[in-house]
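No lab work stands behind these numbers, since they all come straight from the coordinates. All values reported here derive from a predicted model rather than from experimental measurement. Note: ideal-geometry Cβ built from the backbone for every residue, glycine included; neighbour counts use all protein chains shown.
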Amino acid sequence: MEEVTMEPKQKAALDEFIDDLDILNALADKHRQQIIILLGSRLKQGMTVGDLTTQLDISQPAVSHHLKILRSVNIVDSTRNGLENTYRLTLDDTLERLERIVKLIRESNA
């Protein structure tokens, strides 16, 4: 396989992609995208697994699995309310990381 020659700015953009693969992979799933959109519609109050399950066409264990992945990359966080967890978006760090990727791509084209 032939090696691709990149300019330093292009290499920096590629490195940023590699550093953020965990977030990009988490965002690549349609169910996780739906969860993010649903949580975004209820930013202040958040949603429980039960709330999300009633709005999605997937099982409760599947919702929990997707939330675990989103939580592992700091896209969502949870607080305990009695027997249930309430999930909320925590996108600030994720958006900053994605903005860095976009900035580096734009700079590599300048």
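Structural descriptor for the chain: relative contact order 34 percent, calculated from alpha carbon pairs under 8 angstrom and at least 6 residues apart. Springs between Cα atoms under 10 Å define the GNM used for the chain, and in it the highest mean-square fluctuation of I75, I36, I18 occurs at I18.
The alpha carbon gyration tensor of the range 40-79 gives principal lengths a ≥ b ≥ c with a/c of 1.5 or higher and a/b no greater than b/c, which makes the shape oblate. When mean projected area of the Cα convex hull in nm² is computed from the coordinates, the matching label among (i) 8.9; (ii) 10.7; (iii) 8.3 is (i). Annotation for the range 1-98: GluC sites (Glu not before Pro) lying in DSSP loop with at most 11 further Cβ atoms inside 10 Å of their Cβ are E2, E3.
Counted as membrane-span-like here are DSSP H helices of the chain whose alpha-carbon atoms extend 20 Å or more along the helix's own axis and whose Kyte-Doolittle mean is -1.0 or above; these are 92-108. Less than 5 angstrom separates the built amide H of N85 from those of V49, all sequence-distant by 5 or more or on a different chain.
Only lysines eight or more places from K9 in sequence, or on another chain, were considered; those with a Cα closer than 21 Å are K103.
Go ahead and set up a Gaussian network model of the chain, Cα springs under 10 Å, then flag whichever of L70, L38, L14 fluctuates most. Looking only at L70, L38, L14, the biggest GNM fluctuation is shown by L14.
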